[in-house]
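Have a look at the structure below, then the notes.
The values are calculated or read from the model by the stated rules, or taken from the named source; none is laboratory data. Here the structure is a predicted model, which is why all the values come from computation and not from measurement. Note: ideal-geometry Cβ built from the backbone for every residue, glycine included; neighbour counts use all protein chains shown. Side chains included, ligands, DNA and RNA excluded: accessible areas come from the protein's heavy atoms. Shrake-Rupley method; radii C 1.70, N 1.55, O 1.52, S 1.80 Å.
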Amino acid sequence: EQSRNALVYKLDDYRRTNLFSAKGTTIDELLNEKTCHILMLRSLRNEDKSLLTAILSRQLFTKMGKMHSEKKQAAFFEKEYKGPKLPNKVWLFIDEAHVIAPSDTPSPGRKALREYVKRGRDSGLSLVLATQQPAAIDSQIISQVNISINHRLNYDPDINAATQRL
């Protein structure tokens, strides 16, 4: 009974966030050339922000990886690429990155972003992280990012983490 009540509460909590809808948005709808999409996740819990980021980054990785692979294959066989017209480069910007990919606790975003930064460049994927706590971000991710934006830092471990990346 307790498990059932916990599940009902969790599902009702998701319903209230309006995170899910009958129609939804596909990754294809987000991948338009010369277009910027901003997802405001302020009202979501940190776990849900991480989960949503994991889903989005994995979808980007899969879709863009497939397109770039097909383009390379077409070029190798000197054929015309006839797949979907997607941008060649996609930038994912994450503010408060220490919430999405914390260094000290497992999270869905942490695992997905590790793959994104390690293997995504070949698929035209880039990542920008903004945080006030660089020491709190998973070190495997922060060591691979293209750009890391650090706001004013006061805490010695954060200052050390930021300077180690320079």
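Structure data summary
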item	result
Fluctuation leader among Gln140, Gln73, Gln59 - the chain, Gaussian network, Cα springs under 10 angstrom	Gln73
Å² of accessible area per residue within the chain, as computed with a 1.4 Å probe and no ligands counted	68
At most 14 other Cβ within 10 Å, DSSP loop - trypsin sites (Lys or Arg not before Pro), region 68-166	Lys79, Lys82, Lys85, Lys89, Arg152, Arg165
For region 108-122, Karplus couplings with θ = phi - 60° (6.51, -1.76, 1.60), whole Hz, Gly/Pro x	x, x, 4, 5, 5, 6, 4, 5, 4, 7, 7, 10, x, 4, 5
Net +/- balance of residues flanking Gln73 in space, Cβ distance below 13 Å, scoring K and R +1, D and E -1	+2
Net dipole in debye of the chain [+1 Lys, Arg Cβ; -1 Asp, Glu Cβ; about Cα centre; nearest 20]	500
